[in-house]
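Every read-out reported here was derived from the displayed coordinates using simple, explicitly stated rules and does not represent laboratory data. If you're wondering where the values come from, they're calculated on a predicted model, not measured in any experiment. As a convention, Cβ positions derive from the backbone with ideal geometry for all residues, glycine included, and neighbour counts pool all protein chains shown.
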Amino acid sequence: MAEQDVVEGSKPEMHFDPYSMEYALDPYPFYEWMRENAPVFHQKEMDFYILSRYEDVWKAHRDAAIYSSAAGVTIERQDNAGMILLGKDAPDHGWAKAMMTKVFSRERMEALDPFIRQRAVDLLEGTYKKHGPDGEFDMVTEFSVELPLYVISELLGIPEELRAEVHHQANKFLARGDGAGEDLQMEANMGLFGLFYDLVQKRRADPKDDPISLLIALELEDDQGVKHKLGDDEIAMRFLEMAIAGHETVAKAIPSGAIAMELFPAEKVKLRADISKVPQAVQEVLRFDPPSQLQGRCTTREVTLHGVTIPADKRVMLATGSATRDPRAFPNPDVFDIDRDNDTRTVFFGFGVHKCLGIHLAQREIAIAFEELYTRFPDWKVFPDRATRVAVTNVRGVAGLPIVLGQHA
Ligand code: HEM
């Protein structure tokens, strides 16, 4: 991290490029510097601010009236952000989210447990058959990307015959590095949207007992007594958002967890001895190295915090990736400790109105992945020093991670 002597006030200034490989490899020294030296950090070249302390991030998440999502949640402003839930403000966000939570209820997500477990088992046993106890393979492509894809297709009720295409497009969306880029992502976005849109039209003509048909039929009255129903393109958009939000995050959390456990072997020993600790370990994985580190907002009015005034209509990033390493909230934050008394506010899923819709499902997927890994292959080993990363700002995690399963239990 480059600390320069160019001075703002009496403090040294840090150069922070959110697109740099240095940040992608290890964002935590940057966050530490910000929390201690500039809790409201102004990135001047790109003209955005970062809130990095736990209390500030948490409060800003709860204050959607000041910190608006309407210009999108990435560093750059986005047009049409309001087409997805993440980019909606009140009052539309309220009823739009209520519709989604009605259809994608906690019960519906809980009912997926046996499906998730079966898929995790099939994938792990399949890789064992292919590579044996000593064969090295990529945990990301052969396991962590695959599992949430199956799960999201099941959650959304995608018919069997379309799942291979959803897989293909979602993998295209996640492709990073050589040859991959925004064009490919856009193509995948359009491909998924088209697929969901056609399906909505089919279900409108011939309803089935599935989430799309439920959303088509759903009518919801908001606080003002106005009734809302979703159009075909809105339903397709909601599905696209779920497919993307529910896939990449989990796909990254699993290898991040494996790396943390490898780097803190005493924790791995504890988990191997008692897999009932896995769910609490998942909380710690998400605190220690959360897949979603920066949530973008735009100020609706001037705000002054820690002596810094952020003008109205400025981009502000809420750095949950930094909040979860704030020693003010978590003692010894850089230590991965599965027995830590973790904060129940789970800020790594966001907070306030935009709090993640898939919390329960995400936690179950990650937990089941590790429960099956420890039960079947207690000697599994990953090689963090050979993990590959690419510089992306929206989701943190590795693009590749070598793993060896070891002997079957
Ligand atoms: C480990 C996995 C996951 C993490 C760390 C995560 C994190 C987050 C975060 C931080 C937000 C808030 C963004 C903001 O405030 O700007 C969010 C929102 C959201 N997440 Fe997740 N997520 C995960 C998995 C999932 C899954 C599995 C699904 C779907 C099944 C999902 C669907 C959504 C949706 C639809 C929203 C938008 C909610 C709204 O705007 O009201 N997420 N997630």
Practice task
Please arrange PHE48, PHE264 by counting, for each residue, the other beta carbons lying within 10 Å of its beta carbon, fewest first.
Solution key: PHE264, PHE48
Completion exercise
the stretch 357-409 and the stretch 80-111 have their Cα centres apart by a whole-number Å value of 28 Å
Completion exercise
Applied in sequence order to the stretch 384-395, the curve 6.51 cos²θ - 1.76 cosθ + 1.60 (Karplus, θ = phi - 60°) yields integer Hz couplings, x standing for Gly and Pro, of x, 5, 10, 5, 10, 10, 10, 7, 10, 9, 7, 10
Exercise for the section: Express in nm, to one decimal, how much length is gained between ASP122 and HIS167 on full extension, taking 0.36 nm for each residue of separation and deducting their alpha carbon distance. Expected result: 14.5 nm
Exercise for the section: List every residue whose amide H lies under 5 Å from the amide H of ALA329, counting only residues 5 or more places away in sequence or on a different chain, with H placed 1.01 Å from N in the peptide plane. Expected result: none
Handout entry: Under 5 Å, built H, 5+ apart or other chain: amide partners of VAL316
Key = TYR49, ARG297, CYS298, THR299
Fill in the blank from the handout: PRE zone check, label point 7 Å out along Cα-to-Cβ of LYS355, amide N under 18 Å, scope the stretch 268-310, hits 283-284, 286-287, 292, 295
Practice task
Could you pull out every residue, at least 5 positions away or on a different chain, whose amide H is within less than 5 Å of the one on THR74? Hs are placed 1.01 Å off N in the peptide plane, and Pro or chain starts have none.
Solution key: GLY296
Exercise for the section: Compute the length gained on full extension between ASP206 and ASP47: take 0.36 nm times their separation in residues and subtract their Cα-Cα distance, giving the result in nm to one decimal. Expected result: 52.2 nm
Completion exercise
Phi-derived 3J(HN,Hα) across the stretch 68-80 with the Karplus relation (6.51, -1.76, 1.60, θ = phi - 60°), rounded Hz, x for Gly and Pro, is 7, 9, 5, 9, x, 10, 8, 4, 7, 5, 10, 6, 6
Fill in the blank from the handout: So for the stretch 109-193, using the alpha carbon gyration tensor with a ≥ b ≥ c as root eigenvalues (a/c under 1.5 gives rounded; past that, a/b versus b/c decides prolate or oblate), I'd call it oblate
Handout entry: Full-stretch length increase - ASP341, ALA90 - with 0.36 nm per residue and alpha-carbon distance subtracted
Key = 87.0 nm
Handout entry: Which of GLU221, GLU32 has the fewest Cβ neighbours within 10 Å, and the rest in rising order
Key = GLU221, GLU32
Problem - Inter-label distance, nm, simple model (7 Å from Cα along the C-beta direction), LEU184/ARG77 - result: 3.1 nm
Fill in the blank from the handout: Listed by chain and number, the lysines with an alpha carbon less than 22 angstrom from that of LYS208, same-chain partners under 8 positions apart left out, are LYS102, LYS229
Exercise for the section: In whole angstrom, note down how far apart the Cα centers of the stretch 297-311 and the stretch 34-50 are. Expected result: 12 Å
